[in-house]
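The values are calculated or read from the model by the stated rules, or taken from the named source; none is laboratory data. Because the structure is a prediction, the values reported are computed rather than measured. Don't worry about glycine lacking a Cβ; one is built from the backbone with ideal geometry, like all the others, and counts go over all protein chains shown. Surface accessibility is based on the protein's heavy atoms, side chains included, excluding ligands, DNA and RNA. Shrake-Rupley method; radii C 1.70, N 1.55, O 1.52, S 1.80 Å.
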Amino acid sequence: HRCAIGNNCIIDSFSALGGLPQIANFKISDAGIVTIGDNTVVREHVTLSTASAKDRSTRIGSHCLLMACSHVAHDCVLENNIILANNALLGGHTHLQNDCFIGGNSAIHQDCTVGAGAIVSGVSGISKNIPPQCMVANRNELIGLNIVGLRRRGVSPASIGELSKYFCTIFKKMTGKFCERAEKLLSENKIEYKETIQFLEFFKNESPKGFCNPRK
């Protein structure tokens with residue numbers, strides 16, 4: 001009764017959907033729901049916790065794949081075309097934007113946001129926000145842009161080139177708060193492609209979590 005599952009979904013063996021949030025002294029009467037979009041696959045031993053309040057939901061979008069033993073905690077939001085590999089773990093209130101891939105045995109701390117098209121390497125520990133279209137590994141270590149993923153999604157070479165330029169600019173050629181850097185680049189430049197705009201706008205809401213930074 002705490003789940004709403006869309007059309008054409010597959011729920012595999014021994015998965016637990018709609019379990020209570022893993023919060024000490026949580027009251028059953030406060031539990032929200034879990035919603036799952038169409039054409040999503042939930043494999044063996046996956047756990048999906050309800051939201052932590054009656055008027056909220058833990059949301060899984062459409063065309064997602066949650067592989068065996070992955071965990072989605074309370075109040076998480078997974079948009080569309082998300083892949084969680086085996087044993088990937090999401091803390092409460094994590095937000096995964098479209099087209100993310102979270103590698104096996106990786107853990108993302110609560111309240112983090114993973115930008116659209118980002119990829120997290122296996123066996124990583126993430127406690128900061130990940131900008132869109134980026135690759136991260138190990139402990140919050142930003143490796144570079146997810147060029148392979150961009151190409152697979154049909155993003156043009158011109159768009160990738162523009163995105164690469166502004167990736168280098170915001171991380172390597174500017175100082176100050178990221179929100180200020182992004183605002184300056186957006187206001188002073190004519191940006192042609194949506195991927196670059198999405199990338200820069202991600203930095204405008206600078207949270208206490210901060211952002212993953214490139215390796216030195």
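Details
- Convex hull per residue volume in Å³, alpha carbons only, for region 28-101: 71 Å³
- Rounded percent of accessible protein surface that carbon and sulfur make up, the chain, 1.4 Å probe: 49 percent
- Here the label points at ILE197 and ASN7, each 7 Å from Cα along the C-beta direction, are separated by 3.1 nm in the simple model.
- A dipole drawn for the chain from +1 and -1 charges on Cβ atoms has a positive end, and of ILE36, ASN129, ALA24 the residue lying farthest that way is ASN129.
- Working from label points 7 Å from Cα in the Cα-to-Cβ sense, the ALA24 to LYS204 distance is 4.0 nm.
- Cross-link pairs LYS128/LYS204; LYS54/LYS209; LYS54/LYS204; LYS165/LYS194; LYS27/LYS128 - those with Cα-Cα distance over 24 Å: LYS54/LYS209; LYS54/LYS204; LYS27/LYS128
- Structure-based [θ]222 nm, the chain - -39500 (n - 2.57) summed over DSSP H runs of at least 4, per residue, nearest 500: -6000 deg cm²/dmol
- Amide H contacts of GLY19: LEU48, THR50, each under 5 Å away and 5 or more positions distant or on a separate chain (H built 1.01 Å from N in the peptide plane; Pro and chain starts excluded).
- Gyration tensor over alpha-carbon atoms, region 65-119, equivalent ellipsoid semi-axes in Å: 14, 13, 9
- Alpha-carbon geometry of the chain: the Rg and the Dmax are 17.8, 54 Å, given in that order.
- Only the Cβ atoms of Lys and Arg (+1) and of Asp and Glu (-1) were treated as charged; on that basis the dipole of the chain about its Cα centre amounts to roughly 560 debye.
- Lys, Arg +1 and Asp, Glu -1 on Cβ, resulting dipole of region 22-148 about Cα centre, debye, nearest 20: 180 debye
- Rounded to the nearest whole Hz, the Karplus-based 3J(HN,Hα) values (6.51 cos²θ - 1.76 cosθ + 1.60, θ = phi - 60°) of region 6-20 follow the sequence x, 7, 6, 8, 10, 10, 8, 5, 6, 7, 10, 10, x, x, 5, with x at glycine and proline.
- Springs join every pair of Cα atoms under 10 Å in this Gaussian network model of the chain, and among GLU141, GLU201, GLU188 the largest mean-square fluctuation is at GLU188.
- Value in Å of the Kirkwood radius, where region 137-216 supplies the Cα pairs that are averaged: 13.4 Å
- A simple packing score, the average count of other Cβ atoms within 10 Å per residue, orders the peptides 72-83, 47-58 as 72-83, 47-58, with the highest score first.
- Which of HIS74, CYS9, SER62, positive extreme of dipole for region 5-78 (C-beta unit charges): HIS74
- Rg ratio for region 68-186: its Cα radius of gyration over 2.2 N^0.38 Å, N being its residue count, equals 1.07.
- Here the simple spin-label model places points 7 Å from the Cα toward Cβ, and for LYS190 and ASN98 these points are separated by 2.7 nm.
- Available extension along the chain between ASP111 and GLU183 is 23.6 nm, counting 0.36 nm per residue and deducting the alpha carbon span.
- Within the chain, percent of DSSP bridges classed antiparallel, to nearest 5: 10 percent
- Antiparallel DSSP beta bridges within region 60-179, as percent of all bridges there, nearest 5: 15 percent
- Rolling a 1.4 Å probe across the protein heavy atoms gives region 1-142 an accessible surface of 42 Å² per residue.
- Length-normalised contact order for region 1-76 - Cα pairs under 8 Å, 6+ apart - percent: 34 percent
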